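Notes follow the structure.
The values are calculated or read from the model by the stated rules, or taken from the named source; none is laboratory data. As the structure is a prediction and not an experimental result, all values here were calculated from the model. In this analysis, Cβ positions are derived from the backbone assuming ideal geometry, glycine residues included, and neighbour counts consider all displayed protein chains.
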Amino acid sequence: MLMQRFKGRRGSSWHRTNFIWLFRGLFYVDLFIPILTYIFGQAFLGGRTAIASIYRLSNERYGLKEIDNYLLTRFTKEIIHELGHTFGLIHCHVPACVMGSSTYVEGIDQKNSNLCIKCQAELMCELCNSFPELCNAYQH
Ligand SMILES: [Zn+2]
Ligand SMILES: [Zn+2]
């Protein structure tokens with residue numbers, strides 16, 4: 001329901017004419033969708049709308065001692081992950097890739113904050129489709 005309110009136009013044609021896309025919401029509330037008890041974030045694939053919540057990312061939430069930078073690092077990875085979806089990237093099976101699906105915070109900890117080589121290539125292709133003039137300029 002929340003995503004319905006923030007629903008944006010989809011597809012790379014939007015990217016062609018509007019370079020500015022929007023990350024619509026960063027929250028400190030518990031997010032969920034009907035089929036899941038909770039989610040860390042959600043995005044429209046190839047769209048311009050994504051949301052993320054810090055609510056379930058702290059160690060304190062699970063009765064554990066807070067560790068320096070864990071919360072910020074997890075939130076950063078979650079935001080990068082959701083932004084990846086807005087650029088058309090789907091979930092990746094490369095273990096360390098930030099586009100891997102994470103159901104638990106431990107899963108987020110096991111990922112890097114970077115895209116794997118495959119996802120980098122897919123992102124580059126998406127950008128080339130959206131901005132052919134840049135693609136030609138860089139001879140990609
Ligand atoms: Zn995802
Ligand atoms: Zn990947």
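Miscellaneous remarks
- Filter pass, residue 129 being modelled with pLDDT of 90 or more and surrounded by 14 or more Cβ atoms within 10 Å (Cβ to Cβ): no
- Summed over the stretch 80-89, residues that are in contact with a strand residue (DSSP E or B) (Cβ under 7 Å, 6 or more places away or on another chain), buried (at least 19 other Cβ atoms within 10 Å of the Cβ) and among the aliphatic types (A, V, I, L, M) total 0.
- If you go through the stretch 47-84 and pick out every residue that is farther than 20 Å from residue 30 by Cβ and either within 14 Å of ligand 2 (Cβ to nearest atom) or at pLDDT below 95 (or both), you end up with 9.
- Applying the condition of being surrounded by fewer than 19 Cβ atoms within 10 Å (Cβ to Cβ), modelled with pLDDT of 95 or more and among the β-branched types (Val, Ile, Thr) to the stretch 90-122 and asking which residue is nearest to ligand 2 (Cβ to nearest atom) yields 94.
- Identity of the residue in the stretch 20-41, at pLDDT below 80 and part of a loop (DSSP other than H, G, I, E, B), that ends up nearest to residue 80 (Cα to Cα): 23
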